[in-house]
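Structure first, commentary second.
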Amino acid sequence: MKKTFGGPSIFLDRGDINTDEIIPAKYLTEVTKEALKPYCLEDLSLDGFDPKGEKLANARVIVTRDNFGCGSSREHAPWVFEVNEIHTVIAESYARIFRQNMFNCGMLAIELPKEQIDKLFALEQGSGDVDIAINLAEQEIVARGNGIEESCRFEISPFDKALVEAGGWVEYADARY
Amino acid sequence: MGHTTAEKIFAAHLRDEPFQGTKVLDIDRVLCHEITTPVAIADLEWRGKDRVFDASKIKAVIDHVTPAKDSKTALQAKILRDWARRHEIKDFFDVGRNGVCHAIFPEKGYIRPGFTAIMGDSHTCTHGAFGAFAAGVGTTDLEVGILKGVCAFREPKTIRVNLNGKLPGGVYAKDVILFVIGQLGVNGATDRVIEFHGPVVEAMSMDARMTLCNMAIEAGGTCGICQPDMVTVEYLWPFIEEEYASKAEALADFQNWVADTDAGYDKVLDFDVSALEPQVTYGFKPDCVKSAKEMAGTKVDQVYIGTCTNGRIEDLRQAAAVLKGRMVADSVRGIVSPATPKIFQEALAEGLIQIFMDAGFCVTNPTCGACLGMSNGVLAEGEVCAATSNRNFSGRMGKGGMVHLMSPSTAAATAITGVITDARSF
């Protein structure tokens, strides 16, 4: 099923956030996605970040730095976002497997140049509340925060876009192969 | 222009190119373990598509937590076990016959030069040691692999790493790959294959080549690839002797997958490793690497020898050579986990297990266990472990724990002194 994208955002100002931080291995013994829900980003080492805080609970978009999702292949990382209704990550770059897992689940792993990510982080200064709207068809994001609006286009490969539109790789592959 | 090994494998396995740059490949081996496969199985059942594309190309093992430690891990094992039986997957390895996936599957001869392999495990890159394209994938890719026998990739560019010179005594493949990752950085090979060349790789055994390729992912690499040669043929010979008239014929066939001399590379890196020292990680990323000498004196609470990186027979021999006639420091808990039952038996026959036990090591059954903090040696808050594994992320072996990655030889020396120690100082 095709997912919805955009909404309140949480900013994680660090590179190389790995999948062990997103969902620690001790929870990999769960056999349903729903069971992962309380453990989102539980082991993230980032000053001021509270995995039990309201900011994360309300977030629908994550904005972060480079090499996000490095490490393990565990799809539990995108799943823990999915069950927490975070369907979009916006980062400077991703680890390959994490990025593919996001698209395979019909979710968005948007890549933007560092300068553009910096502008999004700048919006967070002040009130801290940033809402990001995402238009997949137009490949455009509009971020509003601190009384300022920032918009930009993003690149997505036609294949990844097709996966998101199909609702994921299983749906896409099943119809085609 | 010629082609890299990965490009040749992609061309030979291309099923579809739905968009330019997206290659859907036929997969020769879909490898499964009990952590990432059960959700794929459950989803296939939920979709009413509980089928497998080819039971003979699917291999499965229970390895991460085995024997099961609690009801949840018992259920994961049961889901995989029941599924393997239901679909008559003959190559399924359960308690007593199971070992760490990236050690047991090669050991059974399942991976050949030119093959494509996927697994829901990031260290699947290990199998590139055979001149194969093997990539870690998530559960959805695994699920489609099980159902359809295909997987989609952006065709990766290749970084060629030439390892020149001659490795000094007491310096091993683990030291080489830690050094290379230190040079590349943790995302230096993202969306890239790392192709290893040069006299140092040619002189390496398959065990050593697997150690080398195992950590390609720690630089973000899709796969590490070694060039198939006579070492590859010798390793695989018991499994292929009926397919080829001679080893020379097998070699000629395998060499179809060797990269062309005029292949195009994203980057070519030359390293002379003749003066390389034993390497140890210091931070929470695998590219934070120093020499064992620089790290000397760092206190550890536990030493863990094993895993898909360094749990093979040569690794145990290297560690045992250092441990022989010596004792683990009183302040240290030593744990060794031979990666497969075959390796365990070889270690028994060679007297290595005796050496480990005489030194005061705990010998565990083959399992991934403590490497990812799941069982058999999880760290407490604030504890430090010297490990032969591949990942030193914060909390990897237990929340609040610290991991230093190193070779089996360095780990053994560290176990004896209780502080990080260059084994060449003994």
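Only residues that are assigned to a loop (DSSP other than H, G, I, E, B), free of Cβ contacts under 8 Å to residues at least 40 places away in the same chain and in contact with a Leu (Cβ under 7 Å, 6 or more places away or on another chain) were counted in segment B:53-73, giving 1.
Go through (1) assigned to a loop (DSSP other than H, G, I, E, B); (2) over 25 Å from the mean Cα position of the chain (by Cα) and name the single condition B:R15 misses. (1) is the only condition that B:R15 fails.
Scanning segment B:396-422 for residues that are at negative phi and surrounded by fewer than 24 Cβ atoms within 10 Å (Cβ to Cβ) yields B:K399, B:G401, B:M402, B:I416, B:T417, B:V419, B:D422.
Within segment B:121-155, if we keep just the residues that are among the β-branched types (V, I, T) and closer than 13 Å to B:I111 by Cα, the residue that is surrounded by the fewest Cβ atoms within 10 Å (Cβ to Cβ) turns out to be B:T124.
If you go through segment B:20-37 one residue at a time, do you hit one that is more than 14 Å from chain A (Cβ to nearest Cβ) and outside any loop (DSSP other than H, G, I, E, B)? Yes: one or more hits.
Taking segment B:105-196 and the strands (runs of 3 or more DSSP E) fully enclosed by it, the elements with 3 or more residues that are more than 24 Å from B:F239 (Cβ to Cβ) are at B:150-154, B:157-164.
Taken over segment B:333-343, residues that are buried (at least 24 other Cβ atoms within 10 Å of the Cβ) and either hydrophobic (A, V, I, L, M, F, W, C) or over 27 Å from B:K108 (Cβ atoms) (or both) amount to 4. On inspection, B:K148 qualifies as within 14 Å of chain A (Cβ to nearest Cβ) and either in contact with a Phe, Trp or Tyr (Cβ under 8 Å, 6 or more places away or on another chain) or closer than 17 Å to B:A55 by Cα (or both). For B:A329, the requirement of being assigned to a loop (DSSP other than H, G, I, E, B), away from chain A (no Cβ under 14 Å), over 21 Å from B:R209 (Cα atoms) and among the hydrophobic types (A, V, I, L, M, F, W, C) is met. The single condition among (1) closer than 21 Å to A:I132 by Cβ; (2) surrounded by fewer than 15 Cβ atoms within 10 Å (Cβ to Cβ) that A:A59 does not meet is (2). Please find, within segment A:106-164, the residue that is farthest from A:R176 (Cα to Cα) out of those that are under 15 Å from the mean Cα position of the chain (by Cα) and part of a loop (DSSP other than H, G, I, E, B). Restricting to residues being under 15 Å from the mean Cα position of the chain (by Cα) and part of a loop (DSSP other than H, G, I, E, B), the top hit is A:L112. One residue alone among B:P238, B:P228, B:P286 is of a type outside the set (V, I, T) and part of a helix (DSSP H, G or I), and that residue is B:P238. I'd like to check something: does segment B:386-405 contain any residue that is aromatic (F, W, Y) and either under 24 Å from A:L28 (Cβ atoms) or not assigned by TED's automatic domain parsing to the domain that holds B:G297 (or both)? Looking through segment B:386-405, at least one residue is aromatic (F, W, Y) and either under 24 Å from A:L28 (Cβ atoms) or not assigned by TED's automatic domain parsing to the domain that holds B:G297 (or both).
For segment B:361-369, state whether one or more residues are assigned to a helix (DSSP H, G or I) and buried (at least 24 other Cβ atoms within 10 Å of the Cβ). The answer is yes, given that some residue of segment B:361-369 is assigned to a helix (DSSP H, G or I) and buried (at least 24 other Cβ atoms within 10 Å of the Cβ). Count of segment B:336-354 residues, restricted to those that are touching a helix residue (DSSP H, G or I) at 6+ places or on another chain (Cβ under 7 Å) and under 18 Å from B:A411 (Cα atoms), is 7. Here A:I90 passes the criteria (1) crowded, with 18+ Cβ neighbours inside 10 Å; (2) among the β-branched types (V, I, T); (3) not in a strand (DSSP E or B) except the one numbered (3).
In the set (1) closer than 28 Å to B:C288 by Cα; (2) at the interface with chain B (Cβ under 10 Å from one of its Cβ atoms); (3) not charged (D, E, K, R), A:V89 fails one condition alone, (2). Residues in segment A:123-174 that are within 11 Å of chain B (Cβ to nearest Cβ) and exposed (fewer than 14 other Cβ atoms within 10 Å of the Cβ): A:P158 only.
Filtering segment A:92-105 to residues that are over 13 Å from the mean Cα position of the chain (by Cα) and aliphatic (A, V, I, L, M) leaves only A:I97.
For segment B:27-56, the set of residues classified as buried (at least 17 other Cβ atoms within 10 Å of the Cβ) and of a type in the set (D, E, K, R) consists of B:D28, B:R29, B:E34, B:D43, listed by residue number.
Across segment B:151-169, what is the total count of residues that are facing chain A (nearest Cβ under 8 Å) and of a type in the set (A, V, I, L, M, F, W, C)? Adding up the residues that qualify gives 1.
Contact list please: Cβ distance under 6 Å, first residue in segment B:350-374 and free of Cβ contacts under 8 Å to residues at least 24 places away in the same chain, second residue in a helix (DSSP H, G or I), pairs at least six apart or on different chains. Note: pairs meeting the criteria are B:I353/B:A347.
Just name the residue that is farthest from the other protein chains (Cβ to nearest Cβ) out of those in segment A:29-65 that are among the hydroxyl-bearing types (S, T, Y) and touching a residue at least 24 places away in the same chain (Cβ under 8 Å). Restricting to residues being among the hydroxyl-bearing types (S, T, Y) and touching a residue at least 24 places away in the same chain (Cβ under 8 Å), the top hit is A:T64.
Among residues of segment B:74-99 being touching a residue at least 40 places away in the same chain (Cβ under 8 Å) and within 14 Å of another protein chain (Cβ to nearest Cβ), the one that is surrounded by the most Cβ atoms within 10 Å (Cβ to Cβ) is B:Q76.
The values are calculated or read from the model by the stated rules, or taken from the named source; none is laboratory data. Just so it is clear, the model here is predicted, and its values are computed rather than measured. FYI the Cβ positions are ideal-geometry reconstructions off the backbone, even for glycines, and counts take in every protein chain you see.
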